[in-house]
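**Q** Mind looking over this structure? Questions follow.
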Amino acid sequence: MNKVYPLDVTSRYPRGASPLPSSGPIESENVISVQRIIRALRRRASLMVAVFVLTFAAVAIHAFQLQSSYTATSRVIVNTRDQNVVDIGAVISGMPSSTSMLDTEAEILRSRTLIEKVVKRLDLVNSPEFNYNLVPPSDWDVRVSQMKAFVKGLLPFGKSDAAPPPSPPPGSPEAIEAERALLDSVIDSVRGRIGVARVGPTYIMEISGSSGNPKVAATLANTLAEVYLDNQLETKFQATKRAQEWLNERLAILREELREAESKVEAHRAATGLLRTGDVTLTEQTIRDINSELTAAQSEYAAKSARLRNMNEQMRANRGIDNIAEAQNSTAINNLRAAQTTLSARKADVVRRYDTRHPEYQKVMAEEADNARQIEAELRRIASSLEQEVLISRERVNSLQGSLNRAKGELAGNNRAGVEQAALERDAQATRTLFDEFNNRFKETGELEGITDADAVIDSYAPVPTVPSFPNTKLNLMLGFMLGLALAGLAAVVMELLDNYMSSPEEVESVAGVPFIGQVPLLPAAGNFTKTKIKPADYLIEKPHSGFAEAFRHLRASIMFADIDKAAKTVAVVSSLPSEGKTSMTFCLGRMAAMSGTKTIVVDGDIRLRQLTEVSGVKADAGLLEYLFGEARLADAIQTDEPTGLHILPLTDRQHTPRDVFGSRAFDALLSMLQQTYDLIIIDTGPILLMAETRVVTSKVDQVVVATRWRKTNRGTLRETMKILRDFHANVAGVVLTFVDLRKRAHHAYTSANYKAYAKYYHDK
């Protein structure tokens, strides 16, 4: 007998009433933990191993079947030179040392032009390795062709293959086009075997050639290096030739332009009569002289005007001659002031000796007055002389200003002519400079040393390789190993994401938001809970100490003590969809309760399919509907399960009624009557997502137990069920997982119920 796995009914919720919460899940179902990852990997171990083995084997087989390829590398040093941007010779004498130019040379090495020269030099058009038209057909191709010909020969309507079209005549456009197409295909093939790379920040280029033949690989690399050098020489020769031709033509044009420019300069100078003294013209020198004289005259005029204003102000203010500078400098004034001093002394002596009425005093006073009149007259004379000097200075300033204006007018005319003259001279000088530069470059093009030397040298020729560069078997195997691991992990992740079904207590509680109160395991041989013909309810009686029986004892205890304040008497067992083990669980739970000494009755509330009646095996002429419709007594409707004494209220095979059975007062009265008689009433209902009657029942019982099939019921379906129960204010004791394979419990995602389940429920029976 197979081992029976005991039931794990440990709940993480405290005992007590468990009404359905109004909010969603209590814990996110997308939380990732190390334990969850490990469990997922263990679940998918077989898949991961299979994916890894297949991937690694495929890569290994492919790696060992790859054709070997050899790679040879030659080195070229690019001799860059400093370039002078004003040196025309730099165009043909060397390459600049910039990174962009080195990258350009690398692209030239990869160009179709050079590859074409390599193809022609090595006659690779006639090489089967590069011209796939020359590859002989494989044995498989020959066999396929023979088989096709044989089948066509057997068919009555079969026709022999048409003869190939004739080749176009040599030299015709079609032949030339075909040759060009063939050459292009060979060039493309060779380009795929060529590699060019710069070695770090150096001037060294590595040229690599690949081939299945090591000698051919070395020949490709070395020939491309030689073709590159030859191409440089040819390019420089052509550049020199073109430069000489262009310079010669340009010099002839410049020579004529220079002659014309110099002629214009001389003709303009003769026409305008522009004379110069040193660096300036005569007019400019005259203006300089007049400006100097004008400045001196203006200073003199300003000084004399200031002296005149000061003298007039002092005289008007009668401040005395001591404050007048011109009076201090006048000899006559100084003599008169000395005479006045003498007269003042005489007057003082007369006053001391005589009376003011004395004639001598009157004489002195008359002399004093005459001396004062002389001083005043002298001052007026000085002022008049100073005023005359101011007028003369002003006239000189005006005269010089007029001369300056006339000189400036003359200079303006000269400047216009000078500007035109200067422009002509500049044009002539520029033409002369350009002519000299081109003439020098023309001479240098014929004398450049090393013009036949390439700007690169072959540092090392590619040796013939002895070890294939491809395939790298170790690397391929390592990549196969890593790819196998990656694909194995990806396959596990994808399967986890696609696997959508309920499978663990933690997941049930997370999605439903109510306690997980038990799980019903598969019987040792699997089925309704088993694949054998034995019924689960019978197995419960035959193996009362089995893990299967223990599961229902724990389930009964969880239901009975879900609410410690009130013992549950009426219990409705619901499921989301059909085939979730609801009916078998109801009957087994009823039998276990009856065997435990609890007076129990199970009611078949699935009025469409009557599954509880069928599972119990009772035959009745009257049942639940007959009693509710008043057609039979309750005692006549109730049947007894002989092995356990369990009472059963079945359904007869009468046609389904459209009447509201469970919403009626008769059903409410029935529940009240049964509660007075029985310790436990268990109602088997129809799937809640498919039967509206079930929703009514859940609102009228003490506890609701939700049956969820392990690995069959998805998350969305359970959420829909819990939402309906929440809407009908059902008191949910918890969720039970049915059909649990205790060896393979897992954790997966979900999808919702669909129309197929609905149609199956209503139309398959």
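**Q** Can you find a residue that is at pLDDT 85 or above, surrounded by 19 or more Cβ atoms within 10 Å (Cβ to Cβ) and farther than 30 Å from Met101 by Cβ anywhere in the stretch 456-474?
**A** No, the stretch 456-474 contains no residue that is at pLDDT 85 or above, surrounded by 19 or more Cβ atoms within 10 Å (Cβ to Cβ) and farther than 30 Å from Met101 by Cβ.
**Q** Restricting to the stretch 722-748, and then to whatever is in contact with a helix residue (DSSP H, G or I) (Cβ under 6 Å, 6 or more places away or on another chain) and in a loop (DSSP other than H, G, I, E, B), can you tell me which residue is modelled with the lowest pLDDT?
**A** Only one residue fits best here, namely His747.
**Q** Can you confirm whether the stretch 190-207 contains a residue that is free of Cβ contacts under 8 Å to residues at least 12 places away in the same chain and assigned to a helix (DSSP H, G or I)?
**A** The answer is no, given that none of the residues of the stretch 190-207 is free of Cβ contacts under 8 Å to residues at least 12 places away in the same chain and assigned to a helix (DSSP H, G or I).
**Q** Same structure, new question: Which one of these does Leu224 not meet: (1) surrounded by fewer than 16 Cβ atoms within 10 Å (Cβ to Cβ); (2) closer than 23 Å to Asn79 by Cα?
**A** (1)
**Q** Now for a different question. Mind checking whether some residue in the stretch 688-701 is of a type in the set (S, T, N, Q), at pLDDT below 90, buried (at least 18 other Cβ atoms within 10 Å of the Cβ) and not in a helix (DSSP H, G or I)?
**A** No.
**Q** Right, Arg695: farther than 22 Å from Ser558 by Cα, within 51 Å of the chain's Cα centre (by Cα) and of a type outside the set (Asp, Glu) or not?
**A** no
**Q** Of all residues in the stretch 482-523, which are out of contact with any Pro (no Cβ under 8 Å at 6 or more places or on another chain) and part of a loop (DSSP other than H, G, I, E, B)?
**A** Asp499, Asn500, Met502, Ser503, Ser504, Pro515, Leu522
**Q** Now for a separate question. Would you be able to say whether some residue in the stretch 392-403 is modelled with pLDDT of 75 or more, exposed (fewer than 13 other Cβ atoms within 10 Å of the Cβ) and closer than 29 Å to Arg255 by Cα?
**A** No: zero hits.
**Q** Next question. Identify all residues within the stretch 232-263 that are among the aliphatic types (A, V, I, L, M), under 30 Å from Glu107 (Cβ atoms) and in contact with a helix residue (DSSP H, G or I) (Cβ under 6 Å, 6 or more places away or on another chain); write none if there are none.
**A** Ala239, Ala243, Leu247 - these are the residues of the stretch 232-263 that are among the aliphatic types (A, V, I, L, M), under 30 Å from Glu107 (Cβ atoms) and in contact with a helix residue (DSSP H, G or I) (Cβ under 6 Å, 6 or more places away or on another chain).
**Q** Given the structure, is Val573 at pLDDT 80 or above and assigned to a strand (DSSP E or B)?
**A** Criteria met by Val573.
**Q** Ok, one more. With the requirement that a residue be at pLDDT 75 or above, in a helix (DSSP H, G or I) and surrounded by 10 or more Cβ atoms within 10 Å (Cβ to Cβ), what does the stretch 148-180 give you?
**A** Glu174, Ala175, Ile176, Glu177, Ala178, Glu179, Arg180
**Q** Where residues in the stretch 619-659 are closer than 21 Å to Ser584 by Cβ and small (Gly, Ala, Ser), which of them is modelled with the highest pLDDT?
**A** Going through the qualifying residues, I end up with Gly645.
**Q** While we're here: Against the condition within 13 Å of Ser74 (Cα to Cα) and either surrounded by 14 or more Cβ atoms within 10 Å (Cβ to Cβ) or of a type in the set (Gly, Ala, Ser) (or both), how does Arg191 come out, does it pass?
**A** So Arg191 fails the test.
**Q** Please determine whether any residue of the stretch 606-618 is part of a loop (DSSP other than H, G, I, E, B), charged (D, E, K, R) and either crowded, with 18+ Cβ neighbours inside 10 Å or modelled with pLDDT of 90 or more (or both).
**A** Among the residues of the stretch 606-618, at least one is part of a loop (DSSP other than H, G, I, E, B), charged (D, E, K, R) and either crowded, with 18+ Cβ neighbours inside 10 Å or modelled with pLDDT of 90 or more (or both), which makes the answer yes.
**Q** What are the residues in the stretch 663-685 that are in contact with a helix residue (DSSP H, G or I) (Cβ under 9 Å, 6 or more places away or on another chain), in a loop (DSSP other than H, G, I, E, B) and more than 29 Å from Glu506 (Cβ to Cβ), if any?
**A** Gly663, Ser664, Asp679
The values are calculated or read from the model by the stated rules, or taken from the named source; none is laboratory data. Only a predicted model underlies this, so the values are computations on that prediction, with no experimental measurement involved. For neighbour counting, all protein chains shown are included, and Cβ atoms are generated from backbone atoms with ideal geometry for every residue, glycine included.
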